[in-house]
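Take a look at the structure below.
Taken together, the values in this text are just the output of simple stated rules run on the coordinates, not laboratory data. None of the values given here were measured: they were computed from a predicted structure. Cβ placement follows ideal geometry from the backbone for every residue including glycine, while neighbour counts extend to all protein chains displayed.
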Amino acid sequence: GTPMISSLIKWNHEENFTLPVHDRCQYYQKQNIAINLSDKNFSFVADHVIDGKVLIPGTLLICLVWKQFNLMYGTLHENMKVEFEDVKLTRITIVEENQDILVNVSINRSSGFFEVTEKSSMLAQGYIRKSIDHRARDFPKINSTCVTLKEADFYKEMRLRGYNHKGVFRGVQEVMSNGLCGKL
C-alpha cells in the first residue's frame, strides 16, 4: 500500500490563533417580501393602473427599503426620518391577481446602499440614511431651465402622460421638472 504521511505529522496545540470570520449578515440587512394583490397589506397596489396594467409602484419599493432600514434600528418606520440619495428605479413590474412577486430588499449596514431585486433583475437601488436635519431641504440650484412643480401641477402633468394617481398614490408635494429631486 501507499505509505500515509499523517503518522509523520505532529500538531503543536500550545498556541491559540484567532481566525477571522466574514459573516455577510453583519454587513447586510436582507428580507424577502411576497407582493400579492390578495394580501391586505398590498391590495392598494391594484389601484396603480398604468395603460391598463397593474404595476408595482416605485414608491412601494422605496417604502419597503424604509421599513427594512428601520428594522435594522428596531424602530417603527413612521418614527424615523430618512433621506434617500441617487435612487434609480430600473424596471417596471406588472402584477396580476393571485400572483406572488417575490422581491428581495438588501441594505448595506455601513454605506446605506440598497438594492431591491426580483429574481436576478434589479428593480431599484440607491442610498438610505437617517436624516440628521428633520426639516425639508431646499432643492439644489441646477440650471435656469429647471422649474419646481407644485402638487397640483405635477399631477396635471402626470394625467397628461396617462397616470391617474388617486388616494395613497398622491404623495408628491413638489418636484423639480427634471425629476432629480422631490418632496414627498
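Of note:
- Candidate aspartates and glutamates - alpha carbon under 16 Å from residue 67, same-chain residues fewer than 8 apart omitted: 78, 83, 115
- Of the GluC sites (Glu not before Pro) in segment 26-120, those whose Cβ has at most 13 other Cβ within 10 Å and which sit in DSSP loop: 78, 96, 97
- Local electrostatic count, residue 39, Cβ distance below 13 Å [Lys/Arg +1, Asp/Glu -1]: -1
- Cross-link pairs exceeding 27 Å in C-alpha to C-alpha distance, out of 30/150; 81/156; 40/119; 53/156; 53/88; 81/119, comprise 30/150; 81/156; 81/119.
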